[in-house]
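> Once you've had a glance at the structure underneath, I'll fire off some questions.
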Amino acid sequence: MPATKPPAPKIDISKLNEIELRTLRQNDPFMYHSIPSIHTAQLHLRDIDHSQLLASSSSSSSSSNDNPNMVSRKTIFSTECDMHTLIEELLNLGEEEFEAYARES
C-alpha cells in the first residue's frame with residue numbers, strides 16, 4: 001500500500017509581522033518562498049518590501065471568503081520565469097517603461 005503524503009504545513013501571512021517574515025526566511029526558506037508575492041518578486045529580480053506585503057495581505061483578508069493569505073508550504077518551486085508571465089508583464093508596461101526595459105536588455 002502506497003504511503004500517503006502528510007498535508008503541507010500552512011501559514012496565514014496576514015497574522016505575521018516583518019520580524020516574523022525575516023525569521024521565516026531564515027528558518028524555513030521553502031515556506032517563505034511559497035508566498036506568491038515573494039516568489040513572483042524573486043522571479044522578476046525585484047526587491048521585496050515586507051511592509052507592503054503585510055499591508056496588502058491584511059487588506060485582502062477582510063475582503064475574501066476563500067482566504068488568499070493562507071499559504072501552503074511548497075517543497076519544490078521553479079526559479080525560472082515563465083515566458084507567458086514575462087510577456088504579460090511586458091504588455092502591461094507603459095510605453096516609457098517598455099522602452100526603458102528594452103534599453104536594459
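The values are calculated or read from the model by the stated rules, or taken from the named source; none is laboratory data. Quick caveat: nothing in here was measured; it's all calculated off a predicted structure. Positions of Cβ are generated from backbone atoms using ideal geometry, with glycine treated the same way; all protein chains shown enter the neighbour counts. Remember, those area values only see protein heavy atoms, side chains included, never the ligands or the DNA or RNA. Shrake-Rupley method; radii C 1.70, N 1.55, O 1.52, S 1.80 Å.
> Does S14 satisfy being surrounded by 12 or more Cβ atoms within 10 Å (Cβ to Cβ), touching a helix residue (DSSP H, G or I) at 6+ places or on another chain (Cβ under 9 Å) and polar (S, T, N, Q)? Don't jump to the end; show me each part of the working.
Details: surrounded by 12 or more Cβ atoms within 10 Å (Cβ to Cβ): yes; touching a helix residue (DSSP H, G or I) at 6+ places or on another chain (Cβ under 9 Å): yes; polar (S, T, N, Q): yes.
Yes; evaluated as a whole, the condition is true for this residue.
> Could you please find all residues in the stretch 41-76 being open to solvent by less than 60 Å² (accessible area, probe 1.4 Å) and either part of a loop (DSSP other than H, G, I, E, B) or modelled with pLDDT of 80 or more (or both)?
Matches in the stretch 41-76: A41, H44, I48, H50, S51, S64, N69, V71, S72.
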